[in-house]
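Novice: Pasting a structure below so you can have a look.
The values are calculated or read from the model by the stated rules, or taken from the named source; none is laboratory data. Bear in mind the structure is a predicted one, so any value in this text is a computation, not a measurement. Virtual Cβ from ideal backbone geometry, glycine too; neighbours counted across all protein chains shown. Each accessible area value is taken on the protein alone, full model and side chains, heavy atoms only, with ligands, DNA and RNA left out. Shrake-Rupley method; radii C 1.70, N 1.55, O 1.52, S 1.80 Å.
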Amino acid sequence: MKHKKQIRTGIVVVVALALFIYGFNFLKGRDIFAVDLDLYALYDHVDGITQNNTVQINGFKVGTIRDVTLDPKTNKLMVHFIITDNNAIITDSSECQIFSDGLMGLKSINIISHSGGKPVKDKAVLRGTNESGLKDQVSEMVVPLKKKLEGLVASVDSVVQVFNAVLNQSARNDLIASFASIKKSLTTFEKIAV
């Protein structure tokens with residue numbers, strides 16, 4: 001009888017410990033029973049990507065980022081991520097692009113599949129690229145505007161030089177005399193009309 005209580009207590013402790021381990025991993029976003037595909041991507045810079053950010057294919061979440069480390073061989077940043085969706089087909093010609101996910105600037109990885117290639121195996125290293133950010137896009141828009149503005153400034157300068165040439169001192173005196181003559185003509189016409 002005494003041993004039955006000890007066995008029950010032992011079973012309850014083991015089950016509670018197993019549930020605790022499962023729950024802890026569940027809260028960390030890991031399913032200990034799922035078969036995940038571990039993949040890596042190399043980048044020159046990661047633009048602030050962090051652990052637990054999402055991995056997407058065409059906007060659909062297929063995994064999460066596990067870790068970001070510095071590769072001692074290449075001195076590049078290695079992003080370790082897992083693919084939890086078993087239906088995701090990723091080939092060795094796929095490209096892992098870091099992009100800004102939303103207005104808050106949260107970074108995610110978008111896997112872009114290219115035609116051809118073989119399905120990747122666990123621990124494969126894929127090619128990593130970075131999407132052009134907002135700063136790059138604004139710079140691309142500003143360069144043509146800057147060129148147009150420089151052309152406009154040159155045109156305005158030319159117009160001012162033409163006005164200065166036309167309105168030299170003798171031309172100004174002629175204009176003043178013309179306005180004075182018009183004024184005399186109007187006063188004479190006014191006297192005749194009355």
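Novice: Could we say that Arg127 is open to solvent by 80 Å² or more (accessible area, probe 1.4 Å), part of a strand (DSSP E or B) and either closer than 30 Å to Lys28 by Cα or at pLDDT 85 or above (or both) here? Steps first, answer last, please.
Specialist: On the way: open to solvent by 80 Å² or more (accessible area, probe 1.4 Å): yes; part of a strand (DSSP E or B): yes; either closer than 30 Å to Lys28 by Cα or at pLDDT 85 or above (or both): yes.
It is true that Arg127 is open to solvent by 80 Å² or more (accessible area, probe 1.4 Å), part of a strand (DSSP E or B) and either closer than 30 Å to Lys28 by Cα or at pLDDT 85 or above (or both).
Novice: Run down Lys191, Lys183 and say which single residue is surrounded by fewer than 10 Cβ atoms within 10 Å (Cβ to Cβ), of a type in the set (Lys, Arg) and part of a helix (DSSP H, G or I). It would help to see each step written out before you state the result.
Specialist: Values: Lys183 fails: surrounded by fewer than 10 Cβ atoms within 10 Å (Cβ to Cβ).
After applying the criteria, what remains is Lys191.
Novice: Let me ask you something else. Go through (1) within 23 Å of Gln51 (Cβ to Cβ); (2) out of contact with any strand residue (DSSP E or B) (no Cβ under 7 Å at 6 or more places or on another chain) for Ser93 and report which single condition fails.
Specialist: (1)
Novice: Now for a different question. Of all residues in the stretch 37-58 being part of a strand (DSSP E or B) and among the hydroxyl-bearing types (Ser, Thr, Tyr), which is least open to solvent (accessible area, probe 1.4 Å)? Please lay out each step first, then the result.
Specialist: To start, the set of residues in the stretch 37-58 that are part of a strand (DSSP E or B) comprises 37-43, 54-57.
Narrowing further to those that are among the hydroxyl-bearing types (Ser, Thr, Tyr): 40, 43, 54.
Values: Tyr40: 47, Tyr43: 2, Thr54: 35 Å².
This residue is Tyr43.
Novice: Hey, Asp92 hits all of (1) over 21 Å from the mean Cα position of the chain (by Cα); (2) at pLDDT 90 or above; (3) closer than 19 Å to Thr129 by Cβ but one; which does it fall short on?
Specialist: Asp92 satisfies all of (1) over 21 Å from the mean Cα position of the chain (by Cα); (2) at pLDDT 90 or above; (3) closer than 19 Å to Thr129 by Cβ except (2).
Novice: In addition: Would you confirm, using the coordinates I've provided, whether Val14 is among the β-branched types (Val, Ile, Thr) and either within 22 Å of the chain's Cα centre (by Cα) or within 23 Å of Pro119 (Cα to Cα) (or both)?
Specialist: On the way: among the β-branched types (Val, Ile, Thr): yes; either within 22 Å of the chain's Cα centre (by Cα) or within 23 Å of Pro119 (Cα to Cα) (or both): no.
In short, no.
Novice: Does Val68 qualify as being open to solvent by less than 100 Å² (accessible area, probe 1.4 Å) and closer than 23 Å to Val120 by Cβ? Give the derivation first.
Specialist: Details: open to solvent by less than 100 Å² (accessible area, probe 1.4 Å): yes; closer than 23 Å to Val120 by Cβ: yes.
For Val68, the condition - open to solvent by less than 100 Å² (accessible area, probe 1.4 Å) and closer than 23 Å to Val120 by Cβ - is met.
Novice: Output the residues belonging to the stretch 68-115 that are in contact with a Gly (Cβ under 9 Å, 6 or more places away or on another chain), of a type in the set (Lys, Arg) and in a loop (DSSP other than H, G, I, E, B).
Specialist: Lys76
Novice: Given the criterion open to solvent by 100 Å² or more (accessible area, probe 1.4 Å), out of contact with any strand residue (DSSP E or B) (no Cβ under 6 Å at 6 or more places or on another chain) and either in contact (Cβ under 8 Å) with a residue 40 or more places away in the chain or of a type outside the set (Val, Ile, Thr) (or both), identify the matching residue among Lys28, Lys4, Lys61. Let's see the steps before the verdict.
Specialist: Numbers: Lys28 fails: open to solvent by 100 Å² or more (accessible area, probe 1.4 Å); Lys61 fails: out of contact with any strand residue (DSSP E or B) (no Cβ under 6 Å at 6 or more places or on another chain).
When all the criteria are applied, what remains is Lys4.
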